Structures are given as structure tokens and as C-alpha cells.
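A quick write-up on the structure given underneath.
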Amino acid sequence: MAMPTEGLLLTLAGWTLAALVILVVWRRSYFVRAPEEMSHSLYGKRRPLAIAIAVFVVGMVAWSYPRMPFHAHATTPDHVVEVHAFMWGWEFVVDGHSAAQEGDTVILPAGDIEFRVTAPNDVHDNVNHGFGLYGPSHAIVVQVQGMPGRTNIVRALLTPGAYDVLCMEFCGVMHHQMTAAIIVKGESK
Amino acid sequence: MTFITYPRAGRPSRAWFALGAAVFVVLVFLGIAMSLTQSGSSFGLSAQNFYASMTLHGIGMPGTLFTISIIELVVLVRLLPERVEVPPWITGVSFWLAVFGVVGLVAATFIGKFAPGWYMLYPLVFVNATWESWATGLGLGSVLAFGVAWLLLQGALLWRIFRTYGLVRMFAWQYILPLRVLRRIGGRPIIESDPTTKTPFLVLGASVCLVDGIIATLFGAWFLALNLAQCYDPSLAFDPLMMKNIVFIFGHTFVNIGMYMAVVGYYAISPIYSGRAWETNISVAIAWNAVLVIVLVAYPHHVYMDFVQPHVFHYLGMAASYATMFPLLVVTMIGGIKQVYYAGMRRWRFVPMAFSWGLVWWIIGGVPAVVDATPPFNGVFHNTLWVPAHFHTYALMGYGFFLLGAAWHFFGSERAERLAKWALWVMIAGGALFVLAFYMGGWWGVPRRYALYDAIPMHDIASVLAAVRVFGGGVFVGGFLTLMFTFAYARKR
């Protein structure tokens, strides 16, 4: 669970900072200082605070930019998997052929996969869905929206194992049942 | 030091606050019923009733908080030295429109099972709808009634502020612009001894919020109008990506600017208790003019997972979401701290306590919001429980506490203050547990808007966390009902 844990840790760091500020302010609220002294003590902290936020923002932007999930990839993928989301289920097409199945479980190839996600056909017979691919540790590997009339492309490196697809956009009364079990087999090229 | 003291709010405002509190309690219980369903309890709702409840909860909660925030502004501006009065017929018509909206929406969702979610993500209303066909029309019509009420209230208020203060003063541009530019656009420079050259903060804050609020409401009306047009002529079809952008410009701006309205009340009322002025100066003027723009352009962070959207929107959404930190932390947080810093608070009164906790929870909820507004993190948190986790943090305990502080200021009594403070602590304890269970669910990748978790891989932990939310929500509503009791007690004195 790399990404969600990083997000949680970043949040916890922010909360710790906030808790420290709250404790200091709460403690100081019980004491009295002359208004000028109080203002000086407080307003003197605005500039360092603004600089700290600016540094944080620049750092986060620099960290995020290469990780943007919507960047186009220059390399050719090992396989192209078309994902069709409908009310209420999933269809997978691997390199132009319907994906093989074992019972209800869909077989997908391992390797560097390009997912092309859409909701066929148009707004008169389909709605928005969300393609959420959960890995063997139950964490989200990738997600992207499946919208009628649009194709969203996302890349993921799949290793062999059991995966799940869950719908990530509310799509009606069976939304919570719109899942698919996936087995990733084979070796990457 | 100058600060204004406010007399109590009158009877019409009491009716608004009472309607708001009653709707809020019902919607909290609906929320608890939804969590109970997700926990797998046999007392839970059917999937259809779950999604109908989700729709009512999702439209009703932001709508209630927003409406009460506008009413708070209407009450406050009436008490300014250069007073601003909204004509009583406007508030009266709006009240009955709101009542119609509530009744209509309850009928559409409870009886007609209308269940497309608050955002009615186009074309959800039209394809394989599992509810009565009349419920679509009544649902859309009820929201439209709310929209008309919001436009009337906001438009009248903004117009009256403009008539009294003029364009330059209402946005406090005389604090920012160089003298030459100021004179050219007809503004007057600030003269320390002349209050008519200054801008009371309430006027600046209200103007900023009302402009964004009106823009948001108009986008919402546009979205509803297109949907209603397709109801009338089913062969019509609109671009789902455009519709998604419209509904999120509305939804994001609406919820955020409503919260800023409640913050304006905090700025306006808090000095009465602290004795410390919280007035417009150059940094406050810049910050709030920035809020006017930032809130409007941050919405694309709801559309990060549509990679076909031009990527400039993704970057704009991220930039605006991050930019929010400057006015919030450098100006409002420092200003809020000043209200209590070295202030010799031997005894915290209810109003500053509710306001201070409101500020705290606003910031606590803001941290995971900024994390989620970062596209790489959005890839794992989008539409998971991380999202309701953060917005419940600042809706229940940020937005909610700002409004409760104001309500206590208008209608509370010192006699019942001890009990009210205890009730607030109970709400904090229950609310914290409630949102913590949401955050853990988000970390585990549990998707949001699921009536049941039996088909997902992490169903065990998801159901347990839902049961924790039932408990936390129950404690929270216990605190809230106690607080409502203290208001009734205060009335009897």
C-alpha cells in the first residue's frame, strides 16, 4: 500500500503540526500580555509561515509532476487492454480479443499494460463509471473514469496475482455490485 | 478599539435556524442509517432506499448549511452602522420556497425513491432509472426551488450591499490599489478618522462570498435546466464531460463558499467576546479578494480522473487547491489565533469555544483535502472513503461549529452555557471517532457510495469501520440534541 500510506503519513504529519500549534495557542490563551507585545509576537510569525507554505507547495509540485497519472507514456506497452464499463458489469478486450475467463474470473496478461477505459455506447444507454484496479494487497493500483463517448488511457505494471476491479463512480442501484475478479498470469516481456 | 455589538436576531431568523436544525437532525439520522446498512446490519436499508437516502443527505446537508449561512449574513448586515436591509418579502418568499424544496425532495426520495446522488451525474437521471418517473421531475423541481431561494437571498443581499457601499468599498479595493488607480475608478482613499472611507470586514467577506455563491448557483441552475430540457425531449443529448464540469463548478464552489460565509460570521461575532478588533486591513483585503478567485477555479480537482480533460485544468485545480493555504493559514488562522492569544481566558465562553474548535477542525480537515488535491494521491483516494472523511471533518465540526457559535450568539443563554459546552465536547468526541473511521476506510481504499460492502475484497474491515461510524455518529447526534435542548431551555427564562 505504497501511495495510500504515503498520503496518510503526510496527513498525520500535517495534523501533528496543527496539534502543536493548537497546544501552544491554548496554553498561551490563559496568560496575558500587553496588546502591542501580543500583536508583535503573533504577526512576526506570518512571514516565516508564508515562506514555509511556499516551500511546501514547491516541494509537493516537484514531487508530483513526474508522478502525474495522466502523463502520456513514450514507450510501447506490452499489451493493450480495452475496458468496457456498462450497467452493471465489466468487459475486457486484450490486444483485440475478448479476455479469457476461468469461471467468473477474467485472465489478464502480466507486464506493462495500457488500459483504455470507456463506457459504451452513448448517454442514452450508459452512464459514468470508474475503473478501480485493486492489487493483491487490496490497495488501488490505478483508477480512471469510464465515461460514455470518451476513452481514458492509463498505464500499470501488473505482476502475476489476484486483482479486483471495483466501480469507482456512482452508477445506479447496482453500483456496489459492479465488481470483477481478475487473475494476472504470465510474465512481462 | 472599535467593535460593534449586536442585539439578538429576530423571530424570522429563529424560524430559519429552527428549520435548519430540524432538517440537520433528520439528515444526521439518515447518515447513521446509511452507515448501519454498510455495516451489514439486518436493520439496514435496501439498496434503493440507501441511494435515495444518500441523495437526500447529499443535497440536504450542504443545502441546509448554505441556507443558514446566508441567513446569518442577512441578520448580521442589518446591524452594521451603515445598515443593509434585505426586504422582508424576499426572506419570506425564500423561506416558503425552501420549505417547498424540503417537502418536495423528501417526497421524491422517500416515496418516489429518487436516487441519482446529489450530483445527479449526467446522464444518471435518464438511463435505467430505478425510481418513479414523477420523482425525477419533483426531485429536479425541488432543487430548482432551493436554487431560486438562494438566488433571491444572495442577489438581494449583494445588491443592497452594493447600493450602500459601492463597488470599491464592498471589495475593499481602497486598501489594495495605488492611489492613482483608486481615484480613476471613483474610490476614496482611507482616512483614519472617517469610517465611511473604510470597509467593515463583514461587508468585504459577505460580498466575496455572495459573488461566488451567485455564480455557483447559476451553474447549478444551468445544469438543472439542461436536465429538465432532456426530461421534456428525451432525444436530446449533452456532452457528459461538460456536464460533469458544470456540476462540479456548482458543487465545489457552493460547499466551499458556504463555509467561507460561516467564517465571515466568525470574524464578525468573535470580537464581541474577545474585545479584540478583527477588521479589514491590506492583508485581509488581499486574502479575501484572492478567495473570490481561488474558490472558483479549484473545482477541477474533482475531475482529475478524467484524463481526456485538457491537462491545463488539472494543473489549475492543483494550483488553486494549494493556493487556498495562504489566505486560510496566513490570514484567517493567524486572525483567529489573535482572538484568544495571550487573552487571559480564565473561562472559555461557548461562542469563542465553538468558533475556535471550528477553526481547528477546518484546518484538520484541510490537510487531507490538500493531500487528495494532489493528482498522484488522488489516483488512490478519489471516490474512496477518504473523500467523505475530509469533508465530514470540516462540514460537521468546522462549518457546523461556526454556525452553532453564531446560533448561540443569537439565541443562547448564559444560564445554559455549562451544559452547552459539555454538549460541544460530546459532539467533538463522537465526530472525531466518526471521521477517524472514515479516514481508515479511505486508507484501505474502501470505495464511497456503496450500499453494501459484501462484494469488495476488504469487506470485513469496511463493515467494522461502518459500525464504528454508527457509534460515533450516534454520540455526535446525542451531543447535538443536548445542545438543541439548551436552546429550548434558554428560551424559557
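Throughout, read-outs are computed from the coordinates displayed, never taken from laboratory work. Quick caveat: nothing in here was measured; it's all calculated off a predicted structure. Note that each Cβ is placed from the backbone with ideal geometry, even for glycine, and that neighbours are counted across all protein chains shown.
Entry note, the range B:414-491: relative contact order of 57 percent, from Cα contacts under 8 Å with a spacing of 6+ residues. Other residues within the sphere of radius under 11 Å centred on the Cβ of B:T55, judged by their own Cβ, net out at +2 (K and R +1, D and E -1).
So which helices of chain A fit the span-like rule, where a helix is a whole DSSP H run, its Cα atoms reach 20 Å or more along the axis, and its mean Kyte-Doolittle is at least 0.0?
Flagged H segments are A:2-28, A:46-64.
Name the shape class, rounded, prolate or oblate, that the alpha-carbon gyration tensor gives for the range B:358-482, where a ≥ b ≥ c are the square roots of its eigenvalues, rounded holds for a/c under 1.5, and otherwise prolate holds if a/b is larger than b/c and oblate otherwise. Judged from the Cα gyration tensor, the range B:358-482 comes out oblate (a/c at least 1.5, b/c at or above a/b).
Comparing B:V477, B:F171, B:L121 along the charge dipole axis of chain B, the residue lying farthest to the positive side is B:F171, per the Cβ-charge model. Once you reduce the range B:106-185 and the range A:120-189 to the center of their Cα atoms, the two points are 34 Å from each other.
From least to most packed, judged by other beta carbons within 10 angstrom and beginning with the fewest, B:W118, B:W222, B:W288 follow the order B:W222, B:W118, B:W288. For every other residue with a beta carbon closer than 12 angstrom to the beta carbon of A:V80, add +1 if it is Lys or Arg and -1 if Asp or Glu, then tell me the sum. Taking every Cβ under 12 Å from that of A:V80, the sum is -3. Between A:A181 and A:V55, the modelled labels are 5.2 nm apart [label points 7 Å from Cα along Cα→Cβ].
The trypsin sites (Lys or Arg not before Pro) of the range B:279-380 that meet both conditions, a loop assignment by DSSP and at most 14 other Cβ atoms within 10 Å of the site Cβ, are B:R346, B:R347. The Cα trace of the range B:85-235 gives Rg and Dmax of 21.1, 66 Å, the first to one decimal, the second as a whole number.
Among the lysines of the protein assembly as shown, pairs that are 8 or more positions apart or on different chains and have alpha carbons within less than 30 Å of each other number 6. Averaged over peptide A:116-127, the number of partner chain Cβ atoms lying within 10 Å of each residue's Cβ comes to 4. When DSSP beta bridges are restricted to pairs lying wholly in the protein assembly as shown, around 75% turn out antiparallel. Within the shell of other residues whose beta carbon sits under 14 angstrom from the beta carbon of A:M68, the net charge comes to +1, with Lys and Arg scored +1 and Asp and Glu -1.
For the Cα atoms of chain B, what angle does the longest principal axis make with the long axis of helix B:350-372, in degrees from 0 to 90, nearest 10? It works out to around 50 degrees. Each peptide in A:176-182, A:87-93, A:31-37 was scored by the mean count of other Cβ atoms within 10 Å over its residues; highest first, the order is A:176-182, A:87-93, A:31-37.
Decide, for the range B:155-307, between rounded, prolate and oblate: order the square roots of the alpha carbon gyration tensor eigenvalues as a ≥ b ≥ c, take rounded if a/c falls under 1.5, and otherwise choose prolate if a/b is larger than b/c, else oblate. Since a/c reaches 1.5 and a/b is larger than b/c, the shape of the range B:155-307 is classed as prolate. Residues whose amide H comes within less than 5 Å of that of A:V106, counting only those at least five positions distant or on another chain, are A:A181, A:I182, A:I183 (H built at 1.01 Å from N in the peptide plane).
Calculated over the protein assembly as shown, the projected area of the Cα convex hull averaged across directions stands at 30.2 nm². Sorted ascending by nearby beta carbons within 10 Å, beginning with the fewest, B:W150, B:W422 become B:W422, B:W150. Taking amide hydrogens as placed 1.01 Å from N in the peptide plane, the amide H of A:N126 sits under 5 Å from those of A:N121, each at least 5 positions away in sequence or on another chain. Calculated [222 nm] ellipticity per residue, helices only, for chain A: -10000 deg cm²/dmol; basis is -39500 (n - 2.57) per DSSP H run with n ≥ 4, divided by all residues, nearest 500. Dividing the helix sum by the residues of chain B, where each DSSP H run of 4 or more adds -39500 (n - 2.57), gives a mean residue ellipticity at 222 nm of -23500 deg cm²/dmol. For the peptide B:329-339, the mean number of other protein chain Cβ atoms found within 10 angstrom of a residue's Cβ is 4. Descending by average beta-carbon neighbour count within 10 Å, the peptides B:400-408, A:150-158, A:75-83 line up as B:400-408, A:150-158, A:75-83, the highest first. For chain B, the relative contact order works out to 17 percent when only alpha carbon pairs closer than 8 Å and six or more residues apart are counted. Taken over the C-alpha atoms, the range A:69-189 has Rg and Dmax values of 13.5, 41 angstrom. For the protein assembly as shown, the Cβ-based charge dipole about the Cα centre amounts to some 3600 debye (Lys, Arg positive; Asp, Glu negative; other atoms uncharged). Rounded if a/c is under 1.5, else prolate if a/b is larger than b/c, else oblate: which is the range A:17-64, with a ≥ b ≥ c the root eigenvalues of its Cα gyration tensor? It comes out oblate by the Cα gyration axes.
Taking the three principal axes of the alpha carbon atoms in the range B:7-148, the coordinate ranges are 56, 31, 21 Å, sorted in descending order.
Centre-to-centre, using Cα atoms only, the range A:63-112 and the range B:349-367 are separated by 45 Å.
Mean sequence separation of contacting Cα pairs (under 8 Å, at least six apart), scaled by the length of chain A, corresponds to a relative contact order of 19 percent.
The separation of the range B:48-97 from the range B:377-391, counted between C-alpha centres, amounts to 28 Å.
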